[in-house]
Amino acid sequence: MTTIAIEKPSQTGVADDAQLNASFARQPILNRDGMLCGYEIKVRAPELPMGTESDAGAAPAVDSAADASPGRAPDPAQLVARAVIRGLMQGNLRGALTGHPAYVDVSREMLFDDSILHLPTDRFMFELSPSIVVDDALIARIVQLHGRRYRFVLDEVTQPDETFAKLLPYAEVVKIDFPRASKALLPKLTSVLKSAGKLLIALGLDAQADFEEAHGLGFDRFQGYFFARAQTSTTRRVSAPRHALLNLLQLLSGDPTVAQLEAELKLNPVLVMHLMKLANSSGLAVGHKVTTLREAINATGTNRIARWTQLLLYADGRKVALEDDPLLQLAATRARFMELAIERLPEAGRDEADAAFLTGVFSFVDAVFGGSLESTLNVLTLSRPIQAGILHRQGVLGLLLTAVEALERGAWDELDALCARLQPLTVEEIALLAWAAGAWAGVADRSAEGLERIED
């Protein structure tokens, strides 16, 4: 999320001292191998000040500079579009994308505003809503932007219609709303679009069965949180034995000595290898190469080892970069968000921040172990407030977990209601903290704040 302030509001037709705030959330897009390959940016457009009206039916001029001519106030909807575009250019948003392209829904006003040309063509895909008004002016603008190498996506397709037919020639990607599309139509629709050279994304996949069906139909990309659900039909490859990680976590929960940690780690060569890499990473450099396990424990510290072990539970056993692992990214982002958010609340201390981190990191641990979430949490011997927050959404931990899940879905109205119970947190601040958390998760391997790059 980023907050955009429109400069000199008295010259724009907006009330004095008004600010237009755009908030953003991200939702992962995976490739056929289950690795991250992009994010959809969920946008909460700025709200217009009371009494400000927009001529929504008018087609804006292609040359947005005319809006700023002396004596002419820009259309308020154009100000909103410009605020969103400026927000997309902020560094904190780009950092949380961890090198992956962003798929962003663009309004008609955004397309016609020349400030959109500041968005890098290799980082942004422009999604066209089924409700967008298609006329000769829009087609001409799309052709112009396409000539500048911008790429377009047909969003939320359920079946071919007039808008779909008009825009299809200019789209590189087609996003099909998988739960809402006709199951009888899907095989033919996907076959025709694949034959036409379109890249297909299945949207709204929150169940493993839906993912497997879309995969079998030949979809290229998959969007949804199916990968964070408990799975019974497939086994996720792991980077270290789960029982070894659980034993280490249980030991760490009891304030162990260095000797106890050393003895437990020596039973698991994979964990020793990871810890040695972590201790010798640039972020933990001690002036010389760490060569013994005891040195690695002392250099890393028990708190960092604990967090590293918690996140390592989610790491894929394949040789993949941290920023490409969707489950680990989601766990790290949730955990860091929970920690940052609770620190904004009254009377929150270090213990509360640690509990919040644990709540986030273990909020979908059943995706790793299968079985019931409750039984897995009991094995981890987590405190009652953490278990109540995860299982029943009770207490402030439960509220924050519900908030970050709503943000992941882009459920802005739900977030509004939750913020009334999480004061002084606002929707804008929650979105901002989530972007900071995403950026932290994406560079943890380089900063040694979380864990090193996962490799066999």
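Can you confirm whether region 106-116 contains a residue that is within 22 Å of VAL443 (Cα to Cα) and surrounded by fewer than 22 Cβ atoms within 10 Å (Cβ to Cβ)? Outline the logic, then answer.
Going residue by residue through region 106-116, those that are within 22 Å of VAL443 (Cα to Cα) are none.
No, the conditions are met nowhere in region 106-116.
Quick check, is LEU422 over 21 Å from the mean Cα position of the chain (by Cα), farther than 16 Å from LEU246 by Cα, in the same structural domain as ALA441 (by TED's automatic domain parsing) and not in a helix (DSSP H, G or I)? Spell out the reasoning first.
Working: over 21 Å from the mean Cα position of the chain (by Cα): yes; farther than 16 Å from LEU246 by Cα: yes; in the same structural domain as ALA441 (by TED's automatic domain parsing): yes; not in a helix (DSSP H, G or I): yes.
Against the criterion (over 21 Å from the mean Cα position of the chain (by Cα), farther than 16 Å from LEU246 by Cα, in the same structural domain as ALA441 (by TED's automatic domain parsing) and not in a helix (DSSP H, G or I)), LEU422 qualifies.
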(message) I need the full set of residues from region 153-174 which are in contact (Cβ under 8 Å) with a residue 40 or more places away in the chain and either outside any loop (DSSP other than H, G, I, E, B) or more than 24 Å from LEU203 (Cα to Cα) (or both), in order please.
(response) VAL153, ASP155, GLU156, VAL173
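So is LEU358 crowded, with 22+ Cβ neighbours inside 10 Å and in contact (Cβ under 8 Å) with a residue 60 or more places away in the chain or not? Spell out how you get there, then give the answer.
On the way: crowded, with 22+ Cβ neighbours inside 10 Å: yes; in contact (Cβ under 8 Å) with a residue 60 or more places away in the chain: no.
No: the conditions fail for LEU358.
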(message) Please go through region 361-405 and give me each residue that is of a type in the set (Ser, Thr, Tyr), within 18 Å of LEU249 (Cβ to Cβ) and free of Cβ contacts under 8 Å to residues at least 24 places away in the same chain, ordered by number.
(response) SER375, THR376
(request) Filter the helices (runs of 4 or more DSSP H) completely within region 315-402 down to those with at least 1 residues that are within 16 Å of TRP440 (Cα to Cα). (result) 326-342, 350-361
(request) May I ask you to list the residues in region 134-148 that are within 29 Å of the chain's Cα centre (by Cα) and closer than 11 Å to ARG108 by Cα? (result) ILE142
(message) Give me the residue from region 119-152 that is among the acidic types (Asp, Glu) and in contact (Cβ under 8 Å) with a residue 40 or more places away in the chain and, out of that set, surrounded by the fewest Cβ atoms within 10 Å (Cβ to Cβ).
(response) ASP135
(message) Return the pair list, or none, for Cβ contacts closer than 6 Å from residues in region 406-427 that are more than 15 Å from MET338 (Cα to Cα) and in contact (Cβ under 8 Å) with a residue 60 or more places away in the chain to residues that are crowded, with 19+ Cβ neighbours inside 10 Å and not small (Gly, Ala, Ser), at least 6 apart or on different chains.
(response) GLY410/LYS42; TRP412/ARG44
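When only residues in region 175-224 that are part of a loop (DSSP other than H, G, I, E, B) and aliphatic (A, V, I, L, M) count, which is surrounded by the most Cβ atoms within 10 Å (Cβ to Cβ)? Don't jump to the end; show me each part of the working.
Step one: list which residues in region 175-224 are part of a loop (DSSP other than H, G, I, E, B), which gives 178-185, 196-198, 204-207, 217-220, 224.
Within this subset, residues satisfying the condition of being aliphatic (A, V, I, L, M) are 181, 184-185, 196, 205, 207, 217.
Values: ALA181: 19, ALA184: 8, LEU185: 13, ALA196: 11, LEU205: 24, ALA207: 15, LEU217: 17.
The selected residue is LEU205.
The values are calculated or read from the model by the stated rules, or taken from the named source; none is laboratory data. Just so we're clear, the structure is a prediction, and the values are computed from it rather than from any experiment. With ideal geometry, Cβ positions are generated from the backbone for all residues, glycine too; neighbour counts draw on all protein chains shown.
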